[in-house]
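Step one of this worksheet: look at the structure below.
Derivation of every value follows stated rules applied to the coordinates shown; laboratory data play no part. In this text, all values refer to a predicted model and were calculated from it rather than measured experimentally. Here the Cβ positions follow ideal geometry from the backbone for every residue, glycine too, while neighbour counts run over all protein chains shown.
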Amino acid sequence: CTVMAALRKVYKLSARSMGRAGTVISTDTGHTIRTDVPKHMGGDDIAPQPVELLLAALVGCKTTTAHFVSRHLWRGSTFRIEAIEWLNVTAERDNRGAVSLPIDAAPAVVAGLSIVTGVARVNLTRRCKAIATARGAPTDARNETREATPEAAASAASVGEVPDLRRLGEIVAQRCPVGAMVAESGCVVDIDWQLGTVRSEGSDDGQVADGRGRGQTSARVARE
């Protein structure tokens, strides 16, 4: 097989300290980011903590990657990602790695994160196209021009026609640069990819659909 040549991607920024423990960062793409820590940690508490921004970068990178992956993975499918809701994203670390004394002695535990958990709820839109009958029976030519309803989309989802979110999560874990770096550090990244709503294009109504039927809360679909 042919190995693709390296495609070098470069990111640049500059920064200066701000207040007692904060930082103002300027990116080469023209954006400004600020970080700080709470007052009890010696900061002024006027911006998110660096670890919070790391989590924001992680979910932002995974969101962008999921959209990119789905466009290629689901090529030819009537489904597309409408939105991804990230719920209860939580990171944990042993604080001894950062604050144990004496400061010039190597800490007994690593200072980095040990685990990141959360839920990625994927809301889908299905283009207005024929949807098989509730039990997957073939459609005829007349049905192929019928606009899909949210109820039909939910019914189709209940019989397994929605894309495989487990596979989506696996590929996102491989392709997301921020996620790959976090995982490479030894941190466990445990994201629960769930099916949210399935909505027909042009409709304001969404149906929550899973393997149990219409209008029910989606079950756990996939874990990274």
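Just order 91-97, 164-170, 23-29 by mean Cβ neighbour count inside 10 Å, highest at the front, would you? Don't skip to the end; give the middle numbers.
On the way: 91-97: 14.7, 164-170: 17.7, 23-29: 13.0.
Sorting 91-97, 164-170, 23-29 by mean packing, highest first, produces 164-170, 91-97, 23-29.
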Q. Using a basic spin-label model with each label point 7 Å from the Cα along Cα→Cβ, how many nm lie between residue 51 and residue 6?
A. 3.3 nm
Q.
Using a Förster radius of 45 Å, what is the FRET efficiency between residue 103 and residue 80 based on their Cβ-Cβ separation? Nearest 0.05, please.
A. 0.30
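Quick one: order 101, 13 by neighbouring beta-carbon count within 10 Å, fewest to most. Provide the component values of the computation, followed by the final result.
Numbers: 101 8, 13 12.
With the fewest neighbours first, 101, 13 line up as 101, 13.
How much of the calculated P(r) for the stretch 6-114 lies past 17 Å, in percent of all Cα pairs? Display every interim value, and only then the final one.
Numbers: 4197 of 5886 pairs.
So the pairs more than 17 Å apart make up 71 percent of the total in the stretch 6-114.
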Q. What's the percent breakdown of Cα-Cα distances in the stretch 87-131 across 10 Å bins, shortest bin first?
A. 22, 26, 18, 14, 9, 8, 3
Q: Could you order peptides 173-180, 107-114 by the average number of other Cβ atoms within 10 Å of their residues, highest first?
A: 173-180, 107-114
